[in-house]
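The values are calculated or read from the model by the stated rules, or taken from the named source; none is laboratory data. Model, not experiment: these values are computed from the prediction. Cβ sites come from the backbone with ideal geometry, for glycine too, and all protein chains shown count toward neighbours.
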Amino acid sequence: MRALTRTNLADTAIEVIRSEILAKRWAVGEKLPNEASLSAVLAVSRGTIREAVRVLVSQGYLETRQGSGTYVRSTSDLAQPLTMARRAGLRDQFEARLALDVEAARLAALRHTPAAITELRALLAARGNYDGGDKAAFVARDLAFHKAVIAAARNRAMMEIYEFFSASIAQTIEATLGEDLPEPDLEAHAAIIDAIETGDPEVAGSTVRRFLAPAIATLDRLLMS
């Protein structure tokens, strides 16, 4: 890898590390050099490396394992249109996410506080709509909203599970920002908050099912095409 010279070091670090991943410098499942080593090789700060890794995790190229390090998750160009294998993988990811999101919404309907509803509305306002700009930043904002729904359920084990699978969930979010899958809009997100606020777990659960149904149905059609 080469040292960086461009002004936006974080963006450049992301591109350099991504290019090394796509060139299969490391195999899927292989551990990357530690933060200090990457910092030295690229001649940037460790904070820049942390930011680059965070973005590449959100994009599905890397995964971090607490207390262990950072590992390669995919060496495929995830910016390309969905292949059949990726479609099948995403279908499984959406199905798993659906199970978590539905139960979280049901519990949140029963256990939410006024403060939790206020936070959800603030996070949704911060999320906004995707305008084709910084995809990683938008995915992070959207993920923060869905994590807050999990937090409103007040189930620590569920929060830990969601955090563990956050890279996979981020992939499902990013997949809806391309041309293949429909992106749930602000209205669809607001409907989840409104459903939780009713206090009715059945309403909350069915709202989340409707929220994810278009993406899952589209994947089903693509897998049959």
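Things to note:
- Members of the stretch 34-74 found to be assigned to a loop (DSSP other than H, G, I, E, B) and either surrounded by fewer than 20 Cβ atoms within 10 Å (Cβ to Cβ) or modelled with pLDDT of 90 or more (or both), listed by number: ASN34, ALA43, SER45, GLN66, GLY67, SER68, SER74
- Going through (1) within 16 Å of THR12 (Cα to Cα); (2) touching a residue at least 40 places away in the same chain (Cβ under 8 Å); (3) of a type outside the set (Ser, Thr, Tyr) one by one, LYS31 falls short only on (1).
- Note on the stretch 14-33: residues that are charged (D, E, K, R) and either loosely packed, with under 11 Cβ neighbours inside 10 Å or not in a helix (DSSP H, G or I) (or both) amount to 4.
- Per-region count, the stretch 98-136, residues touching a Ser or Thr at 6+ places or on another chain (Cβ under 9 Å) and within 27 Å of VAL53 (Cα to Cα): 3
- Wholly enclosed helices (runs of 4 or more DSSP H) of the stretch 75-180 bearing at least 1 residues surrounded by fewer than 17 Cβ atoms within 10 Å (Cβ to Cβ) and touching a residue at least 12 places away in the same chain (Cβ under 8 Å): 84-111, 114-127, 135-152, 156-164
- Out of PRO182, PRO114, one residue alone is farther than 25 Å from GLN59 by Cβ and in the same structural domain as LEU100 (by TED's automatic domain parsing). It is PRO114.
- Residue within the stretch 213-220 that is in the same structural domain as GLY132 (by TED's automatic domain parsing), surrounded by fewer than 19 Cβ atoms within 10 Å (Cβ to Cβ) and closer than 21 Å to LEU123 by Cβ present: no
- Of the residues making up the stretch 184-194, those that are buried (at least 16 other Cβ atoms within 10 Å of the Cβ) and in a loop (DSSP other than H, G, I, E, B) number 1.
- Qualifying residue in the stretch 186-196 (condition: closer than 30 Å to ASP11 by Cα, in contact with a strand residue (DSSP E or B) (Cβ under 7 Å, 6 or more places away or on another chain) and either among the charged types (D, E, K, R) or assigned by TED's automatic domain parsing to the domain that holds LEU98 (or both)): no
- Scanning the stretch 33-72 for residues that are charged (D, E, K, R) and either farther than 21 Å from VAL139 by Cβ or in the same structural domain as THR172 (by TED's automatic domain parsing) (or both) returns GLU35, ARG46.
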